[in-house]
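Working notes, structure below.
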Amino acid sequence: MRTIEKIWWYDPAGFATWFSKDSVKDLEPARCVTIAEVIHETDKWIVTAASYSNMEGSETEYADITVIPKGCIEKRQVVDIVLSDEEEGDFEE
């Protein structure tokens, strides 16, 4: 069974330009939202995948991968879309 999560997180930002000491007070990381399956998790980060493919007879492969450090996560919420094993990879019309 696949469980999808909505994750609010901050993406560290880098700036390759010159700033005064006072002007850096206005800089912020980007606030991001990811909606995807958490396919791996450690004590320090999570790995999400927004796409997967498991054509008949092949191993499931993932794409659109994001690795998010847990220290950057503001909030996580399970989304009410949970697919059963029967629905996974069913590309037939």
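Details
- Only protein heavy atoms count here; on that basis, with a 1.4 Å probe, Ile35 has an accessible area of about 100 Å².
- Taking every protein chain into account, the accessible area of the chain amounts to 78 square angstrom per residue (probe 1.4 Å).
- Percent accessible area from carbon and sulfur atoms, the range 1-58, protein chains only, probe 1.4 Å: 54 percent
- Of the labelled figures (i) 6.6; (ii) 5.8; (iii) 8.8, only one reflects mean projected area of the Cα convex hull in nm² as derived from the coordinates, namely (iii).
The values are calculated or read from the model by the stated rules, or taken from the named source; none is laboratory data. Owing to the predicted nature of the structure, the values given are computational and were not obtained by experimental measurement. Accessible surface areas use protein heavy atoms only, side chains included; no ligands, DNA or RNA. Shrake-Rupley method; radii C 1.70, N 1.55, O 1.52, S 1.80 Å.
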